[in-house]
Amino acid sequence: MFSLPSPEEPPLVDLAILHDLEQQLDGRSAVLDFVGDFASLWAARYTRVAEALRTGDDEAALDALLSLKASASMVGAIRLAGRAEEIESAMKRGDVGDGKTFLPALSTCGQLTLHALETLYVRPSEAD
């Protein structure tokens, strides 16, 4: 269901980051909760970015992108964090235009990331 990364792209999820987080939080249960929170907040985070870009509110867009980038990084969603960083960089260069061109790729990456987290981390034995 989700695609393998091209040689230029990072994987959707870096499991090493999640395993490191398990060590920091003393177990898988806390990380599962954190991943669940990330997944449940995805739609709201995406909507916040999308609305800010659509309305041209650069300050709100940068704030939303920073939030998305940080939370994605923490759950090992490095490709999604990279997409957020790409949009942020384009904004800082003044290359965003109306912002709508970035939204399909961000949305797709987010959905693929949620699926990868579920398949690779939350319920890996069910993927077999």
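Each reported figure results from applying straightforward, stated rules to the coordinates on display, with no laboratory input. All values derive from a computational prediction rather than experimental measurement. All Cβ positions, even for glycine, are placed from backbone atoms using ideal geometry, and neighbour counts span all protein chains on display.
Return the Rg/Rh ratio of the range 15-122 with Cα-based radii and a Kirkwood Rh. It would help to have the intermediate numbers written out before the result.
Details: Rg = 14.3 Å, Rh = 14.1 Å.
On the Cα set of the range 15-122, Rg over Rh gives 1.01.
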(message) Counting only other residues whose beta carbon sits under 14 Å from that of Glu9, what net charge do I get with K and R as +1, D and E as -1?
(response) -2
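If you place +1 on the Cβ of every Lys and Arg and -1 on the Cβ of every Asp and Glu, how big does the dipole about the Cα centre of the range 15-122 come out, in debye to the nearest 20?
Working: 10 positive and 16 negative charges, 58 e Å.
That gives a dipole near 280 debye.
Could you please report the charge total around Glu86, scoring K, R as +1 and D, E as -1 over all other residues with beta-carbon less than 13 angstrom from its beta-carbon?
Details: positive: Lys69, Arg79, Arg83, Lys92, Arg93; negative: Glu8, Glu9, Glu85, Glu88, Asp95.
Charge balance in the 13 Å sphere: 0.
Stretched out fully, how many nm does the piece from Asp20 to Thr55 gain, at 0.36 nm a residue minus the Cα gap?
Residue separation times 0.36 nm, minus the Cα-Cα distance, leaves 8.8 nm.
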(message) Using +1 at the C-beta of Lys and Arg and -1 at the C-beta of Asp and Glu, which of Gly76, Phe102, Leu65 has the Cα lying farthest in the positive direction of the dipole of the chain?
(response) Phe102
(request) Return the calculated 222 nm mean residue ellipticity for the chain, to the nearest 500 deg cm²/dmol, obtained by summing -39500 (n - 2.57) across DSSP H runs with n ≥ 4 and dividing by the residue count. (result) -22500 deg cm²/dmol
(request) Positive end of the charge dipole of the chain (Lys, Arg +1 and Asp, Glu -1 on Cβ, about the Cα centre): tell me which of Ile17, Thr119, Leu53 has its Cα farthest that way. (result) Leu53
